[in-house]
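Right, one structure below, let's go through it.
The values are calculated or read from the model by the stated rules, or taken from the named source; none is laboratory data. Values in this document were obtained by computation on a predicted structure and should not be read as measured data. A quick note on method: Cβ atoms are made from the backbone with ideal geometry, for glycine too, and the neighbour counts reach across all protein chains shown. For accessibility, only protein heavy atoms count, side chains too; no ligands or nucleic acids. Shrake-Rupley method; radii C 1.70, N 1.55, O 1.52, S 1.80 Å.
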Amino acid sequence: MVQDGTLLERQEGRSRIMTTNRCERTMNNGFGLRKAILLLGAVLVASGSYSSVVKAEGAEGGRQVKATAWKEGTAVTTDSNVSALSPGYVHRFANEPIMLTGVDRSYDVYYNVPKAELGGNHYLELDLSYSDLLLPSQSTLTVLVDNKPLQSVFLTKEEAKQRKVTLALGADEAKPGFHKLTFAKHGVVSDDFCEDPDNPANWLQIARSSFVYIDSKATWTTADPLKEFPHPFVEPGTTDEVYGVIVVPDAPSSELLSSALELAARLSSLTAAKKPVPMMTESEWAKADGKPAHVIAMGSVGAWTGPVKKIVEENGVRTESEELALDYMSLEEAGENGTKQMLLLSAAKDEAIAEKLRVLTNPKLAEQLTGSHLVIKQTPVVADEGDEPKKLTLASFGSEHLLLNETKPESGKLNVTVPSYWKLTGESSLDLKLKISPLLIADIGEKTERKTEKKTKEAGADRYGKYGLTVTVNGIPHTVSLQELTKTKHQGDTYRVSIPLTSALQDKDSSGALDIVFTANIGRTEGPCTGDTNNGRWIFIDKASTFHVPHEMSKDSSFQHWPAPFVSDQGAERTAILVPQQVNGTFLSQLSRLAGDLASDTSRRIAVFREPLDDQALKQLKDYHVLVPGDLGQFPSLQKLRDKLLLPTDNDRLQLGKYNAINETTDYAAWIQPSVWNENRVMAVFQKVNVAGGEQGSFVHPNLLQYLKNAKKPGQVVIMNKAKAVFAVAAPSDSQTAQEGNASNPAGKAPGIPVWLMVLIPVLLIGLLIVFIRVRRKEKRDAGKQ
C-alpha cells in the first residue's frame, strides 16, 4: 500500500494486538479518516510492523532511509561500532614501554572488548626484549587474564634482543567489557640461592607495540536495546568512543535545545576522553552527504517536518499529553551497507521531554530501562544529591583497591585532575586509608624490641626499619615510614596518612593535573638472598582514600578558573545560553562541546533562551550568568546594549587592534565581562572574528576551550589565530584604566606630591628671597660707611 508517496512493506515488528490498540486509541482521540484507514490497513499485516522508505523533501539528492520498528522481545541485528573496513579489533594497552626489573615483578593493564559478533581467533601479541644474562631454564613470563593464568613462557637467550610472543585468548577472555591483563616475571641471572634482587642486569621490557586482537565482526545482535543504553551511541574504551548523533527539528524550542544539550553532556561524560556528541537539525540529517551514524532523534511529534516526520507517521508513534515515548528502530539507507539504530524520543510537548529526560541521564534510573519500546507516563522521583559537596576519591579517577607486595611493589600511574573551576584556598592533601599486613607489623615490632641490643645494631639487623610507602606526585617522591605510622592512632587495622599536594597543585605547569604512583618499600634489605617472596607482607590502599582540596567558586569576570562562575560543584550555576533564531549542525555541535565543559559531571540542566526574546524572557535573563555563542548580529536583544560590550565591532567584525592583537590573523575570540543585563552576573561571548569567512555557524575551536581549562591565567580576553595558536591578550578594561590614569596625571606634573608641600615650597622661596635682599642691603650700607 502506498500512502503520500511512502512505501509500506510488510516486516517483522510490533504485534497485531499492539497495532490494534493504537488504531482504537487513535480513533477515540479524533484523528482524521486518513490516519484511521492507514492504521487499519496495518492491522491486516500479520507481523504487525511497518517498514517505511522516506526521502528528504526539498533536499537535492536527499538520502532515502528505510525505518523498521523493533518488535518487543525479538533479537535485531545492526551495525557494531567496529569498523567494517578492517578485520577485527586491535587494542593497544600500553602508552609507554612496560619495564619489569628484579627477580619477581608483576604489572597490570586493562583491555576492552567491544560489543560485536565475535569469531574464535582472539589472541595477545607481545613484543618483548630482555637481558641476555637471564637463565633460560629458570626465567619465565606468566600472563594472567582477570587473575586466571593464561600461559607461561621461558625467556630463552637466543631471542633476548627481540621476541614476539602470541598467546591465544578463549571465550572468557573475549567477553564484551573490560578485562585485567597481568604480566608476572620471574627472572634470575645465576644459580645461586642468594640472588641479588637489585641486579640491573635482571630486566624485561614489553614494548608499546604489543596489543590484544579481538576477532570481531561488523554486526551486533540484541533484543533489549534500552538495557544496553547508551550503547551504541557511545561506547567507552573503544577507538572513537562516540558513534551517534543527536537530531532535533529545524526550529527547536528552547526547552528542547536544553534537553538535547543535557543528554549530549551526559553521553560525553561517559567517554574516557570526554568527546562531544554531534548535533544537527532534521534537514541536515536528511542530506545525502556524511557518514551514516546511529541516531537519537528527539522532539515533539508535531515539530518534525522532513524524514523524521515520515518515520513518526508511518510507524504510528504518538503520545498522550505528558507521556514520553522511547522507540527503537532500524535504519537502512539506500546505497549504504549495514543497519544503524535510531532511538526516537517523542512527546506531545517539549516540556514533557524536559521533565522525563532524567530516565536517560540519571544513572540510577537508566540502569532500570529495558525493552525496545517504552512509554513513561509518570516522572520518576530521585533523591536530590545536588547540594552534596563534590568528593574526590581514588575510585572517582578509575582506581581499584591497590595491593602492593614484594612481587608487585609498584602501582600503575594514576592520572588525577582537580576541577579547573576550583579556586584553591588552603593546604591540599591526599588522605590515604591503609591496611598493613600483620606479619609486616610483627616484623616492625620485632625490630623495635631489638633496637636496644648492641649486638643486633652492630650486625646490621636494622632490616625492617626501612619499611615504608612512597607516594610519587608529578615525579616528586614522599615517603612514609611504616615504623612511625604504626605508632600513630588507628582504628582497628586501618591507618591513615596524609600526603601533601599543595605545591604540586600550585605548580603552573601542572594545570591541576597530578600523576600519582604508589611504591611499597617492604623488601628485605640485609643481603642479596631473596628468600620467599610470597611471605604475607603487603600494604593495602583503599580506593575510598580521599583528596582534601579546600576551594571556593570564583565569581570573578576572568577566565582563570573557567568554567567558573558558570558552574559549581553541583553543576551549572544559574547558567543560561542565548542562541539565535536560526541554528545549524555546526553551531549545535560546537554548542554541545561547550555545554560538555559546563555540565559533563552533573545532571543539572542549562537554561536556553532563543531569539527573539520577549519582555518576560529578558526579565528572566537578569537572574542568570549568560553565554553568548556566535555572531552578535544574530541577537536582537543585544543590539541596544552593544555599548556595554567589552570588545567593539565594526561591520560585525571584532576590533582587536587596540588590545595587543592582530585583527587580520585572529580567527576566534572569547571574552568575559559583567552581564549587560545584570552587572552582578557574568557574561561570556564566543565568536568568530570574521563572521563572513569560514564555516557558517562556527563560533569556537576545541583548542581555545582546551586552553581555557588548562592555562589558568587571569584575563578577560582570549584569542586564537589562524595557525590555531591561542593567546591571552590585554583586556580593553586594562587599557582604559591605564588611559584614565594618564589623564589624571598629565605630563609635567609630579605625581603624588602632597598639597601642603606644594604650598610650603613657594613660602620658603619668598623667605629666602627676603633674607637675601636684607643681607645685600646691609652689605651696601657697610660699604658706604667705609
Residues of region 66-94 satisfying the condition of being assigned to a loop (DSSP other than H, G, I, E, B) and closer than 29 Å to L124 by Cβ = S80, N81, V82, S83, A84, L85, S86, P87, G88, R92, F93, A94
Among K185, K180, K175, which is the only one that is touching a residue at least 12 places away in the same chain (Cβ under 8 Å) and open to solvent by 50 Å² or more (accessible area, probe 1.4 Å)?
-> K175
When (1) more than 20 Å from F587 (Cα to Cα); (2) surrounded by fewer than 18 Cβ atoms within 10 Å (Cβ to Cβ) are applied to K291, the one that fails is (1)
Every residue from region 121-153 that is touching a Gly at 6+ places or on another chain (Cβ under 9 Å) and outside any strand (DSSP E or B) = N121, S131, L134, L135, Q138, S139
Here the residues within region 690-711 that are at pLDDT 85 or above and in a loop (DSSP other than H, G, I, E, B) are G697, S698, F699, V700, H701
Checking K349 against (1) open to solvent by less than 50 Å² (accessible area, probe 1.4 Å); (2) at pLDDT below 95, which single condition isn't satisfied?
-> (1)
For region 333-349, enumerate the residues that are without any contact (Cβ under 8 Å) to a residue 60 or more places away in the chain, outside any strand (DSSP E or B) and of a type in the set (A, V, I, L, M).
-> A348
Does L588 qualify as being over 22 Å from L514 (Cα atoms), open to solvent by less than 10 Å² (accessible area, probe 1.4 Å) and in a strand (DSSP E or B)?
-> no
Which listed residue is in contact with a strand residue (DSSP E or B) (Cβ under 9 Å, 6 or more places away or on another chain), under 30 Å from Q590 (Cβ atoms), at pLDDT 95 or above and surrounded by 15 or more Cβ atoms within 10 Å (Cβ to Cβ), from I206, I246 | I246
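Here's the yes/no breakdown for (1) modelled with pLDDT of 80 or more; (2) within 27 Å of T271 (Cα to Cα); (3) open to solvent by 70 Å² or more (accessible area, probe 1.4 Å):
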residue	(1), (2), (3)
L402	yes, yes, no
E406	yes, no, no
G412	yes, yes, no
P419	yes, yes, no
G426	yes, no, no
S429	yes, no, no
E453	no, no, yes
A459	no, no, yes
L469	yes, no, no
Restricting attention to region 508-556, report how many residues are modelled with pLDDT under 85, of a type outside the set (V, I, T) and open to solvent by 60 Å² or more (accessible area, probe 1.4 Å).
-> 9
When residues of region 313-337 are limited to those that are more than 26 Å from E235 (Cβ to Cβ) and touching a helix residue (DSSP H, G or I) at 6+ places or on another chain (Cβ under 6 Å), the one modelled with the lowest pLDDT = R318
Mind checking which residues of region 656-714 are open to solvent by less than 10 Å² (accessible area, probe 1.4 Å), within 24 Å of the chain's Cα centre (by Cα) and free of Cβ contacts under 8 Å to residues at least 60 places away in the same chain?
-> A669, M683, V685, Q687, L704
For region 712-747, which residues satisfy the criterion of being at pLDDT 80 or above and touching a helix residue (DSSP H, G or I) at 6+ places or on another chain (Cβ under 6 Å)?
-> M720, N721, K722, K724, V726, V729
On the given criteria, is S330 hydroxyl-bearing (S, T, Y) and in a strand (DSSP E or B)?
-> yes
Answer yes if at least one residue in region 366-375 is surrounded by fewer than 20 Cβ atoms within 10 Å (Cβ to Cβ), out of contact with any Leu (no Cβ under 8 Å at 6 or more places or on another chain) and without any contact (Cβ under 8 Å) to a residue 40 or more places away in the chain, and no otherwise.
-> yes
